[in-house]
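A short reminder: the numbers here are calculations on the coordinates, not readings from a lab. Keep in mind that what you see is a predicted model, and the values were worked out from it rather than measured. Cβ placement follows ideal geometry from the backbone for every residue including glycine, while neighbour counts extend to all protein chains displayed.
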Amino acid sequence: MGRVYVWDVIPQALNTSNIAASQTPAAAGNLTLTAGTAVKSVVRTDGTTVLQLDCARAVQLTTASGTITTSRTLTVSGYDYYGQPMTENIATGTTSSAVANVAGKKAFYQISSIAITGALPVAITVGTTDVIGLPIRVVDAGYIASVNWANTLARDTGTFTAAVTTVPATSSTGDVRGTYVPSSATNGYSRIVMTIACNGIMVGPNATRTGALGVTQA
């Protein structure tokens with residue numbers, strides 16, 4: 001027999017600089033992290049100080065106007081909602097006289113560090129996105145029995161991205177449980193209510209950790 005999981009979350013409004021405030025890296029190394037709006041600094045039980053987000057969600061980098069001749073890679077390190085370590089590589093790309101926003105794919109709950117592979121000629125910030133991480137593995141949209149947003153009875157028309165099942169997961173693959181972007185911007189008071197149908201590999205007598213929570217993070 002299957003079960004259903006009712007996911008209920010109120011994401012805070014996204015912020016482009018609430019993880020790392022504006023800074024211009026002069027060389028390879030770690031960015032300075034600063035807890036901004038809807039983010040708090042906490043100490044994990046293992047003694048690691050991290051920035052904890054309001055919910056599991058992907059991060060984004062924003063580069064200021066200017067010319068980046070050589071793309072740099074940011075490696076975001078941290079933990080998911082269940083405390084599993086994870087990393088993601090996000091490239092700055094190159095831009096000329098424009099502001100560039102590059103969103104990640106993985107839903108982080110805690111951020112421990114963000115490293116950059118080299119200097120940048122323009123300032124950069126890192127913040128949150130509206131890519132919200134699902135609490136359990138969803139490999140097909142058919143398992144989403146309903147999804148409502150912002151106190152509306154009609155089914156929301158947001159964007160669902162299925163869980164990545166690649167083994168092993170890497171710093172370049174997507175989220176191991178899947179993500180959802182609501183149809184309008186998060187704001188700190190609108191609620192996502194999603195009913196997820198759970199099959200046997202998730203909750204049945206032969207259920208596995210992978211079936212419920214996805215492949216091991218990387």
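A Förster radius of 25 Å combined with the Cβ-Cβ distance from Val167 to Ala123 puts the calculated FRET efficiency at roughly 0.05. Thinking of segment 14-129 as a set of Cα atoms, what percent of all their pairs are more than 26 Å apart? When every Cα pair of segment 14-129 is considered, 14 percent fall beyond 26 Å.
Extension gain for Ser190-Thr157 works out to 10.4 nm (0.36 nm per residue, less the C-alpha to C-alpha distance).
Classify segment 98-218 from the C-alpha gyration tensor, please: rounded if a/c falls under 1.5, else prolate or oblate depending on whether a/b exceeds b/c. Here segment 98-218 falls in the oblate category. Each peptide in 147-159, 5-17 was scored by the mean count of other Cβ atoms within 10 Å over its residues; highest first, the order is 5-17, 147-159.
Assuming a ≥ b ≥ c are the square roots of the Cα gyration tensor eigenvalues, decide whether the chain counts as rounded (a/c under 1.5), prolate (otherwise, with a/b larger than b/c) or oblate. Can you show the working numbers first?
Details: a/c = 1.97, a/b = 1.62, b/c = 1.21.
Because a/c hits 1.5 or more and a/b exceeds b/c, the chain counts as prolate.
A Förster distance of 25 Å, applied to the separation of the beta-carbon atoms of Thr75 and Thr210, puts the FRET efficiency at 0.50.
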